[in-house]
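A short worksheet on the structure shown next.
What follows draws every value from the coordinates through simple rules; no lab data is involved. Note that the structure is predicted; figures quoted are calculated from it, not measured. Here the Cβ is made from the backbone with ideal geometry for all residues, glycine too, and neighbour counts use every protein chain on show.
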Amino acid sequence: MAVQRTFSIIKPDATNRNLTGAINAVIEKAGLRIIAQRRIQMSQAQAEEFYGVHKERPFFGELVEFMTSAPVVVQVLEGENGVAAYRDVMGATNPADAADGTIRKLFALSIGENSVHGSDSAENAEIEIAQFFTADQIVG
Ligand code: RTP
Ligand code: MG
């Protein structure tokens, strides 16, 4: 498998608890490189676009409200089989189901406040990266 990029967000529950560095340490220990990173306040429009795939789901309003409730850190990660590698490091969506040593097991508070986002396919990674970064902001 080749080197591949993925898109990550450190979510408001984690930035509120000052966990950016602790989460980045887990990411880097797993062999993923942080090749772009910016702290932003997501607008409602950005959050609605980003999570548009979930707009019919009952938790959509809550999710948009949460993602805009405090700053987030948007990142591009790169590594061998990067999309799947980061999903492994993140752990299951619900921290109660997440494996030991994963970011969500270590830090997440609930299925909603689950500390990180990671792209679920290479195709979505490209779309998500382009939503937040221009090519010149990514230094691999
Ligand atoms: P993400 O997109 O944030 O990386 O998370 P994921 O792939 O593991 O989970 P997904 O099914 O894409 O859901 C997106 C985010 O919506 C929130 N959620 N809340 N209250 C609920 O039942 C519920 N289910 C999902 C979570 O924040 C989840 O990460
Ligand atoms: Mg998802």
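I need to check one value: relative contact order of the stretch 40-106, counting alpha carbon pairs closer than 8 Å and at least 6 residues apart, in percent.
RCO, the stretch 40-106: 24 percent.
Please give the net charge around Arg104, taking every other residue with its beta carbon less than 12 angstrom from that of Arg104, where Lys and Arg add +1 and Asp and Glu add -1.
For residues surrounding Arg104, the net value is -2.
Once you keep just the Cα pairs under 8 angstrom separated by 6 or more residues, what percentage relative contact order results for the chain?
Taking the mean separation of contacting Cα pairs over the length of the chain, I get 38 percent.
Give the Cα extents of the chain along the principal axes, in whole Å, largest first.
37, 34, 27
Arranged by the count of other C-beta atoms within 10 angstrom, fewest first, what order do Asp120, Asp100 take?
The fewest-first ordering by Cβ neighbours comes to Asp100, Asp120.
Ranking Glu49, Glu128 by Cβ neighbours within 10 Å, fewest first, what do you get?
Glu49, Glu128
As a check on your grasp of the helix formula, calculate [θ] at 222 nm for the chain: sum -39500 (n - 2.57) over DSSP H runs of n ≥ 4, divide by the residue count, round to the nearest 500.
-10500 deg cm²/dmol
Between Asp136 and Tyr51, with labels modelled 7 Å along Cα→Cβ, what's the label distance in nm to one decimal, could you check?
Once both label points are built, they end up 3.3 nm from each other.
Write out the trypsin sites (Lys or Arg not before Pro) in the stretch 85-128 meeting two conditions: DSSP loop, and at most 16 other Cβ atoms within 10 Å of their Cβ.
In loop regions of the stretch 85-128 (DSSP not H, G, I, E or B), there are no sparsely surrounded trypsin sites (Lys or Arg not before Pro).
With a/c under 1.5 counting as rounded, go ahead and sort the stretch 24-81 into rounded, prolate or oblate using the C-alpha gyration tensor (a ≥ b ≥ c being the square roots of the eigenvalues; past the cut-off, prolate if a/b is larger than b/c, else oblate).
prolate
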